[in-house]
Amino acid sequence: MTIHPPTYRWELLDHYSDATQQRESAKLGMWIFLLTEILFFGGLFCAYAIYRASNPDIFFNAHKALDLHLGTFNTVVLICSSVTMAVAIRSIQLDRIKAGIGFLTATLGLAAVFLVVKFFEYSHKFHLGQLPGKYYTYTGIKGTNPHLFFSVYFSMTGLHALHVIAGMIAISWMIYRASRKHFSARYYTPVELTGMYWHLVDMVWIFLFPLLYLVG
Amino acid sequence: MLSPYGMLSRYGMISPYGNQNRYAPDMSAKSKKGTHILPLKLYLGVGIALLVLTATTVTIAQIPLGPYNLVVAMCIATIKALLVAFFFMHLWFDNKFYLVIFGTAIAFLGIFIMLTMFDTMRRGDIYQEVAKPFQPEAVIYEKATPDTTTSHDTTGVIPSEHK
Amino acid sequence: MEMTIPQHNYLREPKGLKSWLLTTDHKRVAILYLISVTISFLVGGIFAMLIRLELIGPGADFMTADTYNKLFTLHGAVMIFLFLIPATPAVLGNFVLPLMIGARDVAFPRLNLASWYIYFFGSIFAVVSIYLGGVDTGWTFYTPYSTQSTTSVIPMTLGIFILGFSSIFTGLNFIVTVHKLRAPGMTWFQMPLMVWALYATAVIQVLATPVLAITLLLLILERLFNIGIFDPLMGGDPILFQHFFWFYSHPAVYIMILPGMGIISELISVFSHRKIFGYKFIAFSSLAIAFLGFLVWGHHMFVSGQSEFASMIFSLLTFLVAIPSGVKIFNWLATMYKGSITFETPMLYAFSFLVLFALGGLTGIFLGALATDVQLHDTYFVVAHFHYVMVGGAVMALMGGLHYWWPKMFGRMYNMFWSSVAAVIIFIGFNFTFFPQFLLGMKGMPRRYFLYQPQFQSLHDVSSMGAFFMGIGFVIAAIVLISSLFKGRIAGANPWGAATLEWTNATSPPSTHNFETTPEITHGPYDFDKVTNRST
């Protein structure tokens, strides 16, 4: 079996005794970072829970302003992007770097589609005046303080969209590094970590979707 | 010194010593326990399951079930999230400690939401208490005919101060 | 045998400013933090001195009420976010943690350096806020005033938001380091208690700080776009802000005290020359405090309008969280019993800690009881309580730890007489500053008040005199430590005869890679009779 010469970026760092320890430490670190992201979003979920519990009528009435078709489409898009991400990592694990780059690009593309759809949703709301807080000017929703729903909607989906953008930057960087042959079946930790982050972004949307679009 | 490697090693960010394995050791699935490669069918299967569950949750949301709409939607969302976590993120196959970390995050989030809602959901409780005198037969409460010029709030009124 | 500073130590090589600013050596990162955290302490201390100066007389002495409001806000924000939260973990923790477990560095050295740069970057925002006139909301930023105040709230909250990430990354680093980089033979129960304390602190940092981040983000959104989430006129709930804020800020106080407790475990054991009593109890109590600390935040909100149901639950849980702290105090006392105690400066600080933290902790229980809190909330009693635990506890422990590990960090011993004098001055000054504040609080003096009734003046004057005296103590301590760098005698590898790895297996100062070869664990962290390299 040929030994691939190392790219200059991979090194067994001085304070680790072997590559397994280094890789496992990286994964552990990433899981802890994902824990912090769960608690970061969690604050907004808490605000959602409290405002929905005390204003169930507004949440029910206001959620109809959201387009269910676009929301479902976006959910499908993100799920597919998770699949392509997982398959991309798998390809690199099997030393099929070109396929890996292809699937990473597909993930990037699907993420872009998600953001485009979100852009259309947001601009529609801007157009109608369904905005958070003091900017709310829409008159078609019954109930006191309907802007509360939109405050929660925009903060949650806005923060999520920011994370999608950050994920896209990370995936682009992985595509760049993969094209420069930094990764192989022997070493793919950064892609794996990016994948973990991306799956978390998907998981957050899996909860956002029913909470915002499917208020019963 | 001008190469990136040179600079990084100069400042200890990549160390030239103690590093016996200049070539990456074989970390592929064939030789290392734990770095498994999952079959493509599994990923596709989970993906299809997620899409089916999405369709299910959208369909059920159209049926009015009252408060159970939220319960059902959250259950389905939880299953979807667990599928992503266990299979796409390899939680099922990896070191069980990662599961502890994931569980801890959810648990503390739950504590946060639960204890906060103990406050926000029970704010009104005090109003049931205020209306009732603590001990109706106590001397401190007015027993004379109601005075129409003052308020009827008799809690804690000491007779000498009334008037 | 003539002792010298070893030729190859982390201070000397690699050379040059760039090597310091791009370092990945945890010891150098610790020194960078030491410098920045000391500057922050100085800034916070100056604000404190100005407050105490103003409070000498009951009327307005030399500032307006608005200025006073800004001063106590900035004193709190700087002391908590720029000094206390980072200090012990990022200075002593960074330096000592890898050494204590036999590792060559923390798990992610570049992230460690990034944590320091993030701290630096966040502090700049705080400085910008001060430059733009400061903030007058109180360090707690309660809504609705913080959403309406015309002072520079956003730069300050943005700065604290950024500082939070520094804290998160440090915590993340420590957790992975303890899990993954222990030397062979260093099992969990062979680790020094300082490491257990740092681990528990790190867990709190990663769990709690993100909630602070979202809280401040929502506050900024509320100020910028008036989204209405905390505004009652728009259907929002201002108490929700308090829930969000205290969910972080209560565990934050445990971030501040737990590493200090770890230091005390080390100090008491070494300076009583006796194995720590109840090792597992102390280790698990650190974890218990970390966990229970997340369940009690509502005790800051008993009179805010919180429901009685929640208040009762929080009060009960608050009583529970005191138990592990009590366990530690009794174990420390039992360690000293029949030990051969020596009274070097670190031990003096440890004694200060025991007395002052016990007092501070007990007064916390008074505040945790619902009925007493109604009387004492927002009075000077609360101010005295938290200064007893934060200054009398965390800062005393930090000083003790600094004086304990100073010879390891710099290879030189300081003048023991004058450092002890400083410790005694600080102890006396502290008590004169803050004990009268308990009395003020019980007599009804509210906190954050610029003017007060004349009958409170004598107690305020005693407090202010004490504050200046305590300040002199800190100045003397600083002079002693800094002059030791130039004139101190060489300390050698193990001047205290301690048994943990940083003393038995590393030089003073340590080399860049800590250990020449991976250390062999031949005895426990408190087996003093097995120590062979005592250097005094």
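Keeping the other protein chains in place, figure out the carbon and sulfur percent of the accessible area of segment A:31-213, with a 1.4 Å probe.
Roughly 70 percent, rounded to a whole number.
Tell me the accessible surface of residue C:355 in square angstrom (1.4 angstrom probe, heavy atoms of protein chains only), to the nearest ten.
80
How much of the accessible area of segment B:38-126, probe 1.4 Å, is carbon plus sulfur, in whole percent?
Values: 3460 of 4260 Å².
C and S fraction of accessible area: 81 percent.
More than 47 Å apart: what percent of Cα pairs in chain C qualify?
Percent of Cα pairs beyond 47 Å in chain C: 9.
In square nanometres and to one decimal, what's the mean projected area of the convex hull around the Cα atoms of the protein assembly as shown?
That works out to 43.3 nm².
Please report the carbon-and-sulfur percent of the accessible area for segment C:17-530; probe 1.4 Å, protein heavy atoms only, DNA, RNA and ligands left out.
73
Could you tell me which of C:126, C:206, C:535 has its Cα farthest along the dipole of chain C towards the positive end, charges placed at Cβ (Lys, Arg +1; Asp, Glu -1), taken about the Cα centre?
The one lying farthest along the dipole's positive direction is C:535.
Once you mark the trypsin sites (Lys or Arg not before Pro) that are in a DSSP loop and have at most 11 other Cβ atoms within 10 Å, what is the longest gap between them in chain C?
No qualifying site falls inside C:16-337, the longest such stretch.
List the residues of segment A:31-60 for which accessible area in the full set of protein chains is at least 50 Å² lower than for the chain on its own; 1.4 Å probe, protein heavy atoms only.
Residues of segment A:31-60 that lose at least 50 Å² of accessible area once the other chains are added: A:31, A:32, A:35, A:36, A:38, A:39, A:40, A:46, A:50, A:51.
Which helices count as membrane-span-like in chain A under these terms: full DSSP H, at least 15 Å along the axis by C-alpha, Kyte-Doolittle mean of -0.5 or more?
Numbers: long enough: A:19-54 (52 Å, 0.62); A:68-93 (38 Å, 1.27); A:97-128 (47 Å, 1.11); A:147-179 (47 Å, 1.12); A:189-213 (36 Å, 1.04).
Taking the DSSP H segments of chain A (at least 15 Å long, mean hydropathy at least -0.5), we get A:19-54, A:68-93, A:97-128, A:147-179, A:189-213.
Please list the equivalent ellipsoid semi-axes of segment A:22-64, computed as the square roots of five times the alpha-carbon gyration tensor eigenvalues, in descending order and whole angstrom.
Square roots of five times the eigenvalues give 36, 9, 5 Å.
Whole angstrom only: what separates the Cα centroid of segment C:428-492 from the Cα centroid of segment C:357-427?
11
For chains B and C, what's the summed buried accessible area, probe 1.4 Å, to the nearest 100 square angstrom?
2300
Using the alpha-carbon atoms, what tilt in degrees (0 to 90, nearest 10) does helix C:396-410 show relative to the longest principal axis of chain C?
Once rounded, one gets 30 degrees.
Please work out the average accessible area per residue across the protein assembly as shown, using the 1.4 Å probe convention, and give it in Å².
So the protein assembly as shown comes to 40 Å² accessible per residue, rounded to a whole number.
Determine the calculated [θ] at 222 nm for the protein assembly as shown from helices alone, applying -39500 (n - 2.57) to every DSSP H run no shorter than 4 residues and normalising by the residue count; nearest 500 deg cm²/dmol.
About -21500 deg cm²/dmol.
What angle do you read, to the nearest 10 degrees and between 0 and 90, between the alpha-carbon axis of helix C:279-292 and the longest principal axis of chain C?
30
Give the C-A buried accessible area in Å², both sides summed, 1.4 Å probe, nearest 100.
About 2900 Å² of accessible surface is lost on pairing.
Taking Cα atoms, how many degrees apart are the long axis of helix C:345-368 and the longest axis of chain C, rounded to 10 and kept between 0 and 90?
For helix C:345-368, the angle is close to 30 degrees.
From the P(r) of segment B:38-126, can you give the percent of Cα pairs sitting at distances over 17 Å?
Here the long-distance tail beyond 17 Å is 64 percent of all Cα pairs in segment B:38-126.
Using only the Cα atoms of segment C:443-521, what are the Rg and Dmax in Å?
Every Cα atom of segment C:443-521 included, Rg and Dmax give 23.3, 67 Å.
Jot down the per residue volume, in cubic angstrom and as a whole number, of the convex hull over the alpha-carbon atoms of chain A.
Roughly 129 Å³ of hull volume per residue.
Note down the Stokes-Einstein diffusion coefficient of segment C:43-122 in µm²/s, whole number, using a Kirkwood radius over alpha carbon pairs, 20 °C, and 1.002 mPa s.
141
Only protein chains counted, 1.4 angstrom probe. Which residues of segment C:82-105 are at least 20 Å² less accessible in the assembly than when their chain is isolated?
C:104
Counting only protein heavy atoms and rolling a 1.4 Å probe, how much accessible area do B and A lose on contact, total for both sides, in Å² to 100? Don't skip to the answer; put the middle values down first.
Details: alone 14020 and 11850 Å², together 20510 Å².
About 5400 Å² of accessible surface is lost on pairing.
So which of A:27/C:180; C:27/C:408; C:275/C:328; A:118/B:80; B:96/C:180; A:64/A:125 end up more than 20 Å apart by C-alpha?
Working: A:27/C:180 11 Å; C:27/C:408 11 Å; C:275/C:328 14 Å; A:118/B:80 22 Å; B:96/C:180 15 Å; A:64/A:125 12 Å.
Table pairs above 20 Å Cα-Cα are A:118/B:80.
What residues of segment B:87-101 lose no less than 30 Å² of accessible area with every protein chain in place versus their chain by itself (probe 1.4 Å, heavy atoms only)?
B:88, B:89, B:97, B:98, B:101
The values are calculated or read from the model by the stated rules, or taken from the named source; none is laboratory data. Given the structure is predicted, the values throughout are model-derived calculations rather than measurements. As a convention, Cβ positions derive from the backbone with ideal geometry for all residues, glycine included, and neighbour counts pool all protein chains shown. Calculation scope for accessible area: heavy atoms of the full protein, side chains included, ligands and nucleic acids excluded. Shrake-Rupley method; radii C 1.70, N 1.55, O 1.52, S 1.80 Å.
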